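Colleague: Can you read through this structure? Questions will come right after.
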Amino acid sequence: MRKIAIYGKGGIGKSTVTSNLSAAIAAKGFNVMHIGCDPKADSTNTLMRGAVIPPILEVQRTKKNNVKLDDIIFNGFNNVKCLECGGPTPGVGCAGRGIITAFELLESLNAYDIFKPDYVMYDVLGDVVCGGFAMPLRRGYAEEVYIVTSGEKMSLYAARNIATAVENFKSKGYAKLKGLILNSRNVAGEYELVKKLADELKTEIVIQIPRDGAIQSCEDNNVCVMEGSPQSKIADVFRDLASIISGDCC
């Protein structure tokens, strides 16, 4: 079982990348579990064709100690197992608490042993890497980290902070940074800006995802690109990314 965390600044397209990546890996015949680790609980929206699934934190508040796996895990496109951690009532409590609670509950319910996923994909908000948001970096959770960034200043700043957190955890045997995913915003000299950061972090740009209208069109229809536009060039990019990460690229 490979556990992969996708981090990135809010609004950078991290959920779009992760959901399409989950769908593309599942299309290769792998059993994939996709866990949204953002309090907005919208990571799985396109995998679920627009259906809103109940966040784990909300279910636990309601059902207390009577939560079952069927209450929190749902089949999405390509049979991807979809979960959302959720968060507290806005303005009350720690936003990262949903992640901590969710991970603890999944362990207590033996979710990984029962579903036996080949890949666990964590979609994690990366503006800050503290408390619950750092949970996927810790031993026993994610082993690999990819950071989604563009050439925009604040996106690069967030990516550098996330990479620093990963580096600080490395001595404890936690997750390792595997590379940057460049989600293009058509910034002047964008590739060079991101390449400079990759060199600074002693990592690489794993893939460059071009801007493509098919992404927005599919999301407007509540589907991921892999379902809504499977023959498009951008779908091929996500297939390439899946091949790179799964290790079966040429």
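Colleague: Could you check how much of the accessible area of region 135-250 is carbon and sulfur, as a whole percent, using a 1.4 Å probe? Intermediate results must be reported in sequence, preceding the final value.
Modeller: Working: 2810 of 5980 Å².
Of all accessible area on region 135-250, carbon and sulfur atoms account for 47 percent.
Colleague: Given a 1.4 Å probe, how much area per residue of the chain is accessible, in Å²?
Modeller: Working: 11220 Å² over 250 residues.
In whole numbers, the chain has 45 Å² accessible per residue.
Colleague: Could you tell me the number of lysine pairs in region 139-208 with C-alpha atoms less than 18 Å from each other, where the two lysines are 8 or more residues apart or belong to different chains? Intermediate values should be presented prior to the final figure.
Modeller: Numbers: Lys153/Lys195; Lys153/Lys196; Lys170/Lys178; Lys170/Lys202; Lys176/Lys202; Lys178/Lys195; Lys178/Lys196; Lys178/Lys202.
Lysine pairs, 8 or more places apart or on different chains, close enough: 8.
Colleague: Aspartates and glutamates near Lys63 by alpha-carbon distance under 20 Å, same-chain residues fewer than 8 away left out - which ones?
Modeller: Correct list for Lys63: Asp71, Glu84, Glu104, Glu107.
Colleague: Per residue and in Å³, how big is the convex hull formed by the alpha-carbon atoms of the chain? Walk me through the intermediate numbers first.
Modeller: Working: hull volume 30.9 nm³, N = 250.
Considering the Cα atoms of the chain, their hull volume per residue is 124 Å³.
Colleague: How far apart, in nanometres, would the label points at Lys40 and Lys196 be if each is projected 7 angstrom from Cα along the Cα-to-Cβ direction?
Modeller: Result: 2.9 nm between the two label points.
Colleague: Further question on the same structure: Residues in region 135-153, backbone N under 20 Å from the label point at Arg160 (7 Å along the Cα-to-beta-carbon vector): list them, ranges by number please.
Modeller: Answer for region 135-153: 146-153.
Colleague: Here is a further query. Could you pull out the trypsin sites (Lys or Arg not before Pro) across region 15-98 that fall in loop regions by DSSP (anything but H, G, I, E, B) with no more than 12 other Cβ atoms inside 10 Å?
Modeller: Working: sites: Lys28, Lys40, Arg49, Arg61, Lys63, Lys64, Lys68, Lys81, Arg97; in loops: Lys28, Lys40, Arg49, Lys64, Lys68.
Filter output for region 15-98: Lys64, Lys68.
Colleague: Just flag the trypsin sites (Lys or Arg not before Pro) in region 154-250 sitting in loop per DSSP whose Cβ has no more than 13 other Cβ atoms within 10 Å. Show your work: numbers first, answer last.
Modeller: On the way: sites: Arg160, Lys170, Lys172, Lys176, Lys178, Arg185, Lys195, Lys196, Lys202, Arg211, Lys233, Arg239; in loops: Lys172, Arg185, Lys202, Arg211.
Of the trypsin sites (Lys or Arg not before Pro), the ones in loops of region 154-250 whose Cβ has at most 13 other Cβ atoms within 10 Å are Lys172, Lys202, Arg211.
Colleague: Tally up the carbon and sulfur contribution to the accessible surface of region 13-68 as a whole percent, 1.4 Å probe, everything protein left in place. Could you put the intermediate results ahead of the total?
Modeller: Details: 1130 of 2270 Å².
Solvent-exposed carbon and sulfur of region 13-68 make up 50 percent of the total.
Colleague: Now, a different point. Treat each spin label as a single point 7 Å out from the Cα along the C-beta direction, and report the Asn110 to Lys172 distance in nm.
Modeller: About 2.9 nm, to one decimal.
Colleague: Okay, next question. Send over the Kirkwood Rh of region 118-222, from the inverse of the averaged 1/r over different Cα pairs, rounded to one decimal Å. Don't skip to the end; give the middle numbers.
Modeller: Details: mean 1/r = 0.0683 Å⁻¹.
Kirkwood hydrodynamic radius for region 118-222: 14.6 Å.
The values are calculated or read from the model by the stated rules, or taken from the named source; none is laboratory data. Since we're looking at a predicted model, the values are computed, not measured. We place every Cβ from the backbone using ideal geometry, glycine too, and count neighbours over all the protein chains shown. Accessible surface areas use protein heavy atoms only, side chains included; no ligands, DNA or RNA. Shrake-Rupley method; radii C 1.70, N 1.55, O 1.52, S 1.80 Å.
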